[in-house]
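J.: Questions regarding the structure given below will be posed in turn.
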Amino acid sequence: MPEPLSIIVTLALGLAIGSFLNVCIHRIPRGESVVSPGSRCPACRQPVRWHDNLPVLGYILLRGRCRDCGTRFSVEYPLVEAATAATFLLLYWWYGWQPLLATRWLFSAAMIVLFMIDLHHRILPNGITLPGIAVGFVCSVFLPPGWWSSLVGLALGGGVLLAIGELYYRIRGEEGLGMGDVKMLAMIGAFLGWRLTIVTLVFSSFLGSAVGLGLIATGRGSMKYALPFGTFLAVAAVVSALVGEAILAWYLTFY
């Protein structure tokens with residue numbers, strides 16, 4: 001496939017998937033089906049017309065409002081669609097057309113959904129993380145990182161956070177991490193393997209610390225402020241899927 005056409009196809013697919021991810025982000029925390037009914041306005045419940053449901057473009061043409069009742073739609077909808085398309089394109093540029101690309105697209109889509117749900121609701125649904133662990137391991141039987149690295153990754157990812165959470169509880173007497181974070185990192189390990197699980201954990205910890213210190217410095221948080229760690233895991237996991245091996249190789253040159 002010519003490169004320009006590959007880019008167009010990738011962006012179109014990313015936008016379409018991003019539109020579906022918005023449905024998942026909105027409905028999964030509410031226990032609703034992501035298949036039916038079709039997209040509708042959350043205020044007046046009128047179905048969204050197909051030409052108004054075009055990713056990003058529909059939001060722009062409607063000026064961010066429902067055609068029927070005028071209720072303003074969240075700007076997060078086009079942002080999720082655009083972010084999904086951009087992520088898909090970056091992964092395509094990095095991996096090219098190969099079977100591993102499909103698993104990386106699937107993985108990044110799950111990370112985007114978990115990022116948004118944890119950001120808004122402070123939960124990481126079992127309906128995503130548990131099947132994700134199984135799918136990641138099965139994919140790794142046939143594709144990189146291989147079944148052994150995947151198995152070690154999911155055990156390491158879940159085990160490390162479980163141990164950290166238990167240690168925090170014994171020292172502070174309160175919950176520091178939820179089981180959702182444990183399952184999410186196990187899912188990341190199943191898809192990416194143990195090496196990139198370590199990269200993800202280190203990067204997400206630095207990212208979370210930086211954001212936490214920024215909130216404290218600006219007076220918008222305190223040492224007790226609960227950050228949605230799943231959001232940092234999601235960002236770090238996508239970065240690891242893209243350039244984690246390169247980062248690891250660069251780091252090991254110092255030893």
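J.: Provide a single number: the residues in the range 52-69 that are surrounded by 11 or more Cβ atoms within 10 Å (Cβ to Cβ) and either aliphatic (A, V, I, L, M) or over 24 Å from Leu119 (Cβ atoms) (or both).
T.: 9
J.: Which residues, counting only those in the range 103-162, are within 14 Å of the chain's Cα centre (by Cα), over 21 Å from Val202 (Cα atoms) and among the β-branched types (Val, Ile, Thr)?
T.: Hits for the range 103-162 are Thr103, Val113, Ile117, Ile123, Ile128.
J.: Checking Ala85 against (1) farther than 28 Å from Pro4 by Cα; (2) in a helix (DSSP H, G or I), only one condition comes out false. Which one?
T.: Result: Ala85 fails condition (1) only.
J.: Here's something else I'd like to know. Does Ser140 satisfy being in contact (Cβ under 8 Å) with a residue 60 or more places away in the chain, of a type in the set (S, T, N, Q) and either surrounded by 14 or more Cβ atoms within 10 Å (Cβ to Cβ) or in a helix (DSSP H, G or I) (or both)?
T.: Considered against the rule, which asks whether it is in contact (Cβ under 8 Å) with a residue 60 or more places away in the chain, of a type in the set (S, T, N, Q) and either surrounded by 14 or more Cβ atoms within 10 Å (Cβ to Cβ) or in a helix (DSSP H, G or I) (or both), Ser140 comes out as no.
None of the figures in this text is laboratory data; all of them are computed from the coordinates on show. This one's a predicted model, so the numbers in the text were calculated from it and none came from an experiment. We place every Cβ from the backbone using ideal geometry, glycine too, and count neighbours over all the protein chains shown.
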